[in-house]
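Accompanying notes for the structure given below.
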Amino acid sequence: MQKLLAGAIAGTVATVPMTVVMKALQGAAPSARRQSLPPRQITMELARRAGIAGELGAAGRDAATTVSHFGYGGSVGAFYPPLAERLPGPTLLKGALFGIGVWAASYLGWLPAAGILRPATREPAGRNAMMIASHVVWGAALAAVSERLRRAPPRRPRATGGRGR
């Protein structure tokens with residue numbers, strides 16, 4: 001259970017640099033600037049399906065996108081530690097490859113299968129490059145944070161000193 005929690009925490013934290021890279025690359029790629037970033041597209045499609053998209057103002061769309069993006073990063077990050085301990089190789093490489101795997105499973109797999117986004121094969125190369133690069137950053141950051149949490153000494157509960165606190 002601790003491995004899953006550490007992975008979830010690491011995945012949530014890793015979503016910060018991923019988002020920074022995604023937004024920076026969006027500004028640099030003409031094909032990526034024309035549309036919303038995928039976290040917004042996914043969130044709004046799911047909100048539409050839930051019948052609440054029309055009720056969300058700009059702040060609501062921003063909040064829903066942020067919560068869903070970080071929530072997904074944390075949820076998927078939970079799968080990393082148990083997998084990583086079984087694989088040989090440098091930590092950052094394992095993380096980067098995990099990030100690419102998450103991109104492929106999402107953008108070539110379940111998102112198109114569920115009709116949420118069109119497959120990455122139908123997206124411009126610049127947009128795919130932006131998304132792959134951001135997932136590599138996410139995976140590497142996930143691996144680094146996860147490793148740091150794994151190596152942290154366990155915390156001991158404080159003694160109450162008999163005062164009944």
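Nothing in this text is a laboratory measurement; each read-out follows from the coordinates by a stated rule. From a predicted model like this one, the values you see are computed outputs, not experimental measurements. Reconstructed Cβ throughout: ideal geometry from the backbone, glycine too, with neighbour counts over all protein chains shown.
Projecting the Cα positions of A53, A64, S36 onto the charge dipole of the range 12-84 (unit charges on Cβ atoms of Lys, Arg, Asp and Glu, taken about the Cα centre) puts S36 furthest along the positive direction.
Please report Rg over Rh for the chain, where both radii come from the alpha carbon positions and Rh follows the Kirkwood definition.
Numbers: Rg = 18.4 Å, Rh = 17.2 Å.
Ratio of gyration radius to Kirkwood radius for the chain: 1.07.
Give the peptides 5-13, 97-105 in descending order of average Cβ contacts within 10 Å, highest first.
Working: 5-13: 22.1, 97-105: 18.8.
Peptide ranking by packing, descending: 5-13, 97-105.
Rounded to the nearest 20 debye, what is the charge dipole size of the chain about its Cα centre when +1 sits on each Lys and Arg Cβ and -1 on each Asp and Glu Cβ? Can you show the working numbers first?
Details: 21 positive and 6 negative charges, 121 e Å.
Dipole of the chain, to the nearest 20 debye: 580 debye.
Considering only Cα atoms, the convex hull volume of the range 1-67 works out to 112 Å³ per residue.
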